[in-house]
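Asker: Sharing a structure below in structure tokens format, with a few things to ask.
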Amino acid sequence: MKIKIGSIIYTLKEYTIEDDKDGTHVSEIDLMENVIGIEPGLPESQKHQAILHESLHAMNWKMDENTVDFLAHAFYSYLVDNKELIKKMLKSETK
Ligand SMILES: [Zn+2]
């Protein structure tokens, strides 16, 4: 799957995340190769939050980890809790 963030197209891939020292890393982003990697076998909601998390890194790679984590969780909940609003927003998009 492709994910467009700003002017860059990232490839979403599922593979085992190697950099998992504390057992909490389920995703990573390679800003040189434009790849977002997600650990296989995650529950859908966790997978989607991880994609949002890595997308936020792509949007602003200077943002610190705590801020990215907070925004990913907050924004995911916002999307899930406001489906009607999101549908309306997407419907009014002309492109
Ligand atoms: Zn991160």
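Asker: Go through region 50-63 residue by residue and tally those that are more than 11 Å from the ligand (Cβ to nearest atom) and surrounded by 14 or more Cβ atoms within 10 Å (Cβ to Cβ). Let's see the steps before the verdict.
Answerer: Of all residues in region 50-63, those more than 11 Å from the ligand (Cβ to nearest atom) come to 51, 59-60, 62.
Going one step further and asking which of them are surrounded by 14 or more Cβ atoms within 10 Å (Cβ to Cβ), we end up with 51.
Qualifying residue count for the region: 1.
Asker: Still on this model: Of Thr24, Thr16, which residue is out of contact with any strand residue (DSSP E or B) (no Cβ under 7 Å at 6 or more places or on another chain), hydroxyl-bearing (Ser, Thr, Tyr), outside any helix (DSSP H, G or I) and within 11 Å of the ligand (Cβ to nearest atom)?
Answerer: One residue alone meets the criteria, Thr24.
Asker: Residues that are within 11 Å of the ligand (Cβ to nearest atom), in contact with a helix residue (DSSP H, G or I) (Cβ under 9 Å, 6 or more places away or on another chain) and charged (D, E, K, R): does region 67-80 have at least one?
Answerer: Yes, region 67-80 contains at least one residue that is within 11 Å of the ligand (Cβ to nearest atom), in contact with a helix residue (DSSP H, G or I) (Cβ under 9 Å, 6 or more places away or on another chain) and charged (D, E, K, R).
All of the numbers you see were taken from the coordinates with simple rules; none came from a lab. Being a predicted model, the structure only gives us computed values, none of them experimental. With ideal geometry, Cβ positions are generated from the backbone for all residues, glycine too; neighbour counts draw on all protein chains shown.
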